[in-house]
Structure formats: C-alpha cells, structure tokens
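K.L.:
Starting off with a structure, shown below.
What follows draws every value from the coordinates through simple rules; no lab data is involved. Everything numeric here is computed off the predicted structure, so don't read it as measured data. As a convention, Cβ positions derive from the backbone with ideal geometry for all residues, glycine included, and neighbour counts pool all protein chains shown.
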Amino acid sequence: MDISLENIVPVVEKWGYWLVLLMTFLENSAFVGLVMPGEVTLIIAGFIASGGVPEVSLSLPWLYVVAVTGAITGDIVGYWLGRHGGYRFLIRFGRYFRFRQEHLEKTQWYFREYGGRTVFIGRFISVVKVFAPMSAGVGKMPFGRFLLYDGLGAIAVSLLLLTAGYFFGESWVAINDWLGLGGGIAFVVIAAAAVGLMVLRRRRRRHRAGR
C-alpha cells in the first residue's frame, strides 16, 4: 500500500489521537493490519509529535497511552471473538474444510505450552500479531495470561515504534521496510522452531510408548 506523508498528514491533522486509537484497535480486532500495518501509523505519529509537521501538534506521552490502549483493547476483542465465535464456528463447520476436532486440540495444546511467548513475540511481527489474539482465543489460552503477555508486547512495540518515529521519522519508510524484513525472518524462525519442537515431542512420546 502506497502511503506518503502528504496523504496521511491531513487525516492525522483532523483526527489526531482518535486516528491512532482507531488504527491500533482495528489492526487486530478487524484484520485492518493486513491492509495497513499499525507500524506505519505509529511511526508517522511519532514523527509528527517531534514537530516534523508544524501544522499538527501531538504529545508523545499521550500517544504512548492511546496506542497501548487501542492495541490491548483491539486484541481483547480479537481474543473473545476467537474464544466464542471462532471456536463454535470451527466446531460446527470445521469439517467442511478439513479442520477436525484433533486440530482444535492441537491448537489448545500449543497455546497452553507456547501461548505466552507466541503472543508477546507475535506483537513484533506484522502477520502474526493480526491472527495471534483470535488464535489464542480459539486455543482457549487463559485470559489473564493472554492479557499479561499481550499487554507487555503492546507496551514494548508502542514504545519502540513511536520513539523511532520521534527521533528518526524522516526515514520512516526505511524503518518500516526493515521491520517488515526482520519480522518476516523472525516469523520463519519461530515457525520452524515450533514445528521442530512438536516433531521432537511426538518422537519422544512414541519412543516412550514403544518401550
């Protein structure tokens, strides 16, 4: 998606903090992050807070509060959609696209074992963070545990992106490209590690059962 300061500044000028709140909320609750990643909004907002756009005035501390609030609230919505609507949908219609009960059980097992780190690390990876809250809900990850790791991740990412935009906002495109590349690499590494751990555990169980 082609985004330039010339296009987004008028929108930020009009809506300010509400835009940041809305984008961080919708990013994971309504999958808006697949179209326009929240990283873009936060980096540009940080840049504007530094005085990079004289006609718009934003406070960096307030941006931190608004971004974290929107992100956590949106993720909570995504979690509960997955826990209730998503889970029931898969139970009822999953067989039509070969998603069986055993797949739900594996999802639940995965989030029992690795849910915390998946939710936290996923916050730094564009594609993963869009689906992680709903997947955690489907996997019936305990809500308190989900909220803890998601909150820590939301705080860390908001601080990182807004501060990066504040100090290096003029190079926000390069920063966003770097995050996308790093996120892609991290996603591959994490996915490979998760699959490897699952295979290793299965082999150990079979080995023990064969004794």
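K.L.:
Compute the signed sum of charges (Lys and Arg +1, Asp and Glu -1) over the other residues within less than 15 Å, Cβ to Cβ, of GLY116.
P.N.:
So the environment of GLY116 carries a net charge of +3.
K.L.:
Would you order LYS129, LYS14 from fewest to most other beta-carbon atoms within 10 Å of each residue's own beta-carbon?
P.N.:
LYS14, LYS129
K.L.:
Moving on. What order do you get for 131-139, 19-27, 59-67 when each peptide is scored by the mean count of other beta carbon atoms within 10 Å, highest first?
P.N.:
Going from most to least packed, we get 131-139, 19-27, 59-67.
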